[in-house]
2 protein chains.
Amino acid sequence: MTISKKYWNSFAAKMNPYTPGFQPEADPQLIKLNTNENPYPPSPAVLQAIQNINSDHCRLYPPAVWDDLRQAISTGYAVPVETVFCGNGSDEILSLILRTFTMPGERMLLVDPSYSLYPVLAAASGVQTVKIPLDTDFQIPFNSLPQSGYSVAFIPNPNAPTGILASPGKLERFIAGFAGIVVIDEAYIDFCDHPDSSSCLSLISKYDNLIVTRTFSKSFSLCGLRAGYAFADPSLIAGLLTVKDSYNLNIITQTAAAAAVNDMLYMKKNAAAVRKTRQTAVKRFQQLGFDAVPSQANFLLVRRSGTDMEDLYNYLMNHSIHVRYFSDLPDYLRVSIGTDLQMERFFAEVEHYLA
Amino acid sequence: MTISKKYWNSFAAKMNPYTPGFQPEADPQLIKLNTNENPYPPSPAVLQAIQNINSDHCRLYPPAVWDDLRQAISTGYAVPVETVFCGNGSDEILSLILRTFTMPGERMLLVDPSYSLYPVLAAASGVQTVKIPLDTDFQIPFNSLPQSGYSVAFIPNPNAPTGILASPGKLERFIAGFAGIVVIDEAYIDFCDHPDSSSCLSLISKYDNLIVTRTFSKSFSLCGLRAGYAFADPSLIAGLLTVKDSYNLNIITQTAAAAAVNDMLYMKKNAAAVRKTRQTAVKRFQQLGFDAVPSQANFLLVRRSGTDMEDLYNYLMNHSIHVRYFSDLPDYLRVSIGTDLQMERFFAEVEHYLA
């Protein structure tokens, strides 16, 4: 059926919406390594917070600026509360950044490949994207990044879907010289071998054009709750507060996310387990003749000379294992890091396929 | 402290953000009649749905197009599923409507007074608002509403903060003649004496420029969960689906809202109780010398000759009763309908004040 776009604005009419990874029906037989979810449960304190929700929580408006959650993040990361913003997933924060700091017709700087949501958000705001190709080893070509002519640059670190980590030193030099706002999307930072020294968080007090975004989805195992957060100079946070919907975060997510950040050790333990499995998985891939991009995230981008990756992808799906295949990276598969047991079954099926 | 707006876009820099009603700390002594929350709890099925949330719900991405909730709404309202949209509160849906169907510089038609959020959303999108004054008795002057030159018209029905209901017949003639999209915001429709015949819902199959928005906040007692929904021609819903964030509604809200809509009778019983208390309250106001605007919503806009409403507002607040005072409607107070007991205490304090 052809859908009439008679009333759509010209931005929407030209948009190709973001394609989320396939979400199969819940099935204990199925191994889901396609959307970078955490294979481990969230802190028991999160479930307890959800259990404690009562009818008054439901009935009354939630705090408009997420007081308890914001305070918990401020304490957990040792930053002033006015440098903290919370959103309905970091997706909402990324969208709000465009709606607050760019105008239609302005330009956004991206590296390519990176997170495929960014150009979709730009298109929705009528912002043009310019994509600078990564080096052949997927490193950011810092020397050839432009410094002016852009309202905003979005850089995921570690990058997705490669998992490559850029050094904060190189990023700082870029931020210092860039005329617009630099968004460092640290969705996967907790999976790095050294999260604290890999993060740009400490730079927010130094640069008023830097926004560091984070999410509760990945390391905190809370994709389902839609909670993202960001750190920036209070002048940027004030802009986001002005443009956001009055009550952008429901009370349950606020309460559960605060419980998660108050149990940071639990998250770190899960992230360490993912890191360990990632190291083992890299070795297994190499033993089977794959190249794995050196990832610091909870996924591996892999390829194998002479193997048709789309065919392997379909084979795995037919054997109840979901991974991600991107048509614009046809030589690669992206495999999220699951539990050790899930990875065992994944590699057994890959071996079957190759045999 | 002066906040630098150096990086803000020109829409954000000019915005005055929406002012939500004061949300005091939870206190059993306090009577909260200031933000039109429902005084009765949501269906027990909602609390049960929240209790049933497990760690896999938290860990995995939620359905991107809210399959179960959308189906429940489709069934509950007997409309095709492709005419249903769900959002993070109806606020998000109203914002998305502007971002999907208007361009900066275009115009939005409003009546005045109406819901004060609309011009804030317009400003965020760079859309100009034109406000047509209501008649002296707060009725919409349908004969003087323009038919062209506007991308969109937002009309709450019943209106807020007056509670006045416009007839669907008059609204239909306006929709039929209007060149842009008409949004009928039915946040309060369930509190009408005759919700079904007062709603414009049946018109969505007839007019491809009509969007009817609803919320779970008011009649379903779920302000805290941030769930809104909308009905429209599939061509408009497809536009909203294109522009929305991938996962705009967390899994708990999806599940809890589906439970609420599946227990429609519970909501109707609560709405009937609010209606009954509203009727009693109107009489009490009249006995005390107040004029009450004839409201079909869960609030009453009242005034009293010779009484300083701001002073009464402050007096009530000092006695732990919160109502709403709007500086642009200085002769009035807006009082949400509470339980009978809460209204008794409210009227007792008003009598004290007047004595």
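Once the label point is placed 7 Å from Cα along Cβ, list for B:Met317 the distances to the corresponding points in the other copies, in nm, shortest first.
Output for B:Met317: 5.8 nm, nearest copy listed first.
So the label point sits 7 Å from Cα along the Cα-to-Cβ vector; using that for A:Lys6, what distances do you get to the other copies, in nanometres, sorted shortest first?
Label-point distances to the other copies, shortest first: 4.9 nm.
What list of whole percents do you get for P(r) of the range B:228-295, with Cα-Cα distances grouped in 10 Å bins up to the one holding the largest distance?
Going from the shortest bin to the longest, the percentages are 15, 26, 24, 22, 12, 1.
Can you classify the range B:117-224 as rounded, prolate or oblate using the Cα gyration tensor, where a ≥ b ≥ c are the square roots of its eigenvalues, rounded means a/c under 1.5, and otherwise it's prolate if a/b beats b/c and oblate if not? Mind showing how you got there, number by number?
On the way: a/c = 1.39, a/b = 1.21, b/c = 1.15.
Rounded shape, in that the Cα axes give a/c under 1.5.
For the range B:144-200 and the range A:272-315, write down the distance between their C-alpha centroids in whole Å.
56
So what does log10 I(q)/I(0) come out to for the protein assembly as shown at q = 0.06, 0.08, 0.11 Å⁻¹, using the Debye formula with one equal point on every Cα and no solvent?
Taken in order of the listed q values, log10 I(q)/I(0) reads -0.36, -0.64, -1.17.
Arrange the following residues from fewest to most other Cβ atoms within 10 Å of their Cβ: B:Arg99, A:Arg173, A:Arg214.
Values: B:Arg99 23, A:Arg173 12, A:Arg214 27.
Ordered by Cβ neighbours within 10 Å, fewest first: A:Arg173, B:Arg99, A:Arg214.
Work out the P(r) tail for the range B:99-144: percent of alpha carbon pairs separated by more than 12 Å, whole number. Please report the intermediate quantities before stating the final value.
Details: 637 of 1035 pairs.
Result: 62 percent of Cα pairs exceed 12 Å.
Please compute the modelled spin-label separation between A:Ser327 and A:Thr280, points set 7 Å along Cα→Cβ, answer in nm with one decimal.
Here the answer is 3.6 nm between the modelled labels.
If I take every Cα pair under 8 Å that is 6 or more residues apart in chain A, average their sequence separation and divide by the length, what percent do I get for the relative contact order? Intermediate results must be reported in sequence, preceding the final value.
Working: 636 pairs, mean separation 84.5, N = 355.
Averaging sequence separation for qualifying contacts and normalising by length gives 24 percent for chain A.
Working only with C-alpha atoms, what are the Rg and Dmax values of the range A:1-135, expressed in angstrom?
My reading of the Cα-based Rg and Dmax gives 19.7, 54 Å.
Which value in nm describes the separation of the simple spin-label points at B:Asp67 and B:His194, placed 7 Å from the Cα toward the beta carbon?
Simple spin-label model gives 4.1 nm for this pair.
Need the C-alpha centroid separation for the range B:58-112 versus the range A:33-56, integer Å.
Here the two parts' Cα centres lie 26 Å apart.
Can you give me the P(r) profile for the range A:177-302? Cα pairs, bins 5 angstrom wide beginning at 0, each as a whole percent.
2, 10, 16, 18, 18, 15, 11, 6, 3, 1, 0
Among the listed pairs A:Lys32/A:Lys170; B:Lys32/B:Lys283; A:Lys131/A:Lys170, which have their C-alpha atoms separated by more than 28 angstrom in this model? Don't skip to the end; give the middle numbers.
On the way: A:Lys32/A:Lys170 35 Å; B:Lys32/B:Lys283 21 Å; A:Lys131/A:Lys170 19 Å.
Pairs exceeding 28 Å: A:Lys32/A:Lys170.
Around A:Leu222, under 14 Å between beta carbons, what's the net of Lys plus Arg minus Asp minus Glu among the other residues? Mind dumping the intermediate values first?
Values: positive: A:Arg214, A:Lys218, A:Arg226, B:Arg59; negative: A:Glu37, A:Asp91, A:Asp190, A:Asp263, B:Asp56.
For residues surrounding A:Leu222, the net value is -1.
Can you give the extra length, in nm with one decimal, that the chain gains between A:Thr75 and A:Glu310 once fully stretched, where that is 0.36 nm per residue apart less the Cα-Cα distance?
On the way: separation 235, 0.36 × 235 = 84.60 nm, distance 4.58 nm.
So the extension gain works out to 80.0 nm.
Say R0 is 45 Å: what FRET efficiency, to the nearest 0.05, do B:Arg173 and A:Val130 get from their beta-carbon distance? Walk me through the numbers before you get to the answer.
Working: r = 49 Å, r/R0 = 1.09.
Efficiency for this residue pair is about 0.40.
Tally Lys and Arg at +1 and Asp and Glu at -1 over the other residues with C-beta under 13 Å from the C-beta of B:Arg99: what net charge comes out?
Working: positive: A:Arg99, B:Lys244; negative: A:Glu92, A:Asp245, B:Asp91, B:Glu92, B:Glu106, B:Asp245.
Once positives and negatives cancel, what remains is -4.
Counting Lys and Arg as +1 and Asp and Glu as -1, what is the net charge of the other residues whose Cβ lies under 14 Å from the Cβ of A:Pro24?
Numbers: positive: A:Lys32, A:Arg324; negative: A:Glu25, A:Asp27, A:Glu37, B:Asp56, B:Asp67.
Cβ neighbours under 14 Å give a net charge of -3.
Got a sec? How would A:Arg345, A:Arg275, B:Arg334 order by Cβ neighbour count within 10 Å, fewest to most? Can you show the working numbers first?
Values: A:Arg345 15, A:Arg275 18, B:Arg334 27.
Ranked by crowding around the Cβ, least crowded first: A:Arg345, A:Arg275, B:Arg334.
What residue among B:Thr277, B:Ile50, B:Pro141 has its Cα farthest toward the positive end of the dipole of chain B, where the charges are +1 on Lys, Arg and -1 on Asp, Glu, each on the Cβ?
B:Pro141
Over chain A, how many percent of alpha carbon pairs lie in each 20 Å bin up to the one with the longest distance?
Bin by bin from 0 Å, the calculated values are 29, 58, 13, 0.
Relative contact order, percent, of the range A:138-190 when contacts are C-alpha pairs under 8 Å separated by at least 6 residues? Walk me through the numbers before you get to the answer.
On the way: 61 pairs, mean separation 25.9, N = 53.
Across the range A:138-190, relative contact order equals 49 percent.
List the distances, in nm to one decimal, from the label point of B:Pro133 to the label points of the same position in every other copy, shortest first, placing each label point 7 Å from Cα along the Cα-to-Cβ direction.
So the label point of B:Pro133 gives 6.5 nm to the other copies.
Under Stokes-Einstein, with the Kirkwood radius over Cα pairs standing in for Rh, what whole-number D in µm²/s applies to the range A:240-355 at 37 °C and 0.692 mPa s?
Values: Rh = 16.5 Å.
Answer, rounded: 199 µm²/s.
Can you tell me which aspartates and glutamates have their Cα less than 13 Å from the Cα of A:Lys6? Leave out same-chain residues fewer than eight positions away.
B:Asp208, B:Asp233
Coordinate-derived values only; no laboratory data. Since the model is a prediction, treat every value here as computed from it, not as a measurement. All Cβ positions, glycine included, derive from the backbone under ideal geometry; neighbour counts span all protein chains shown.
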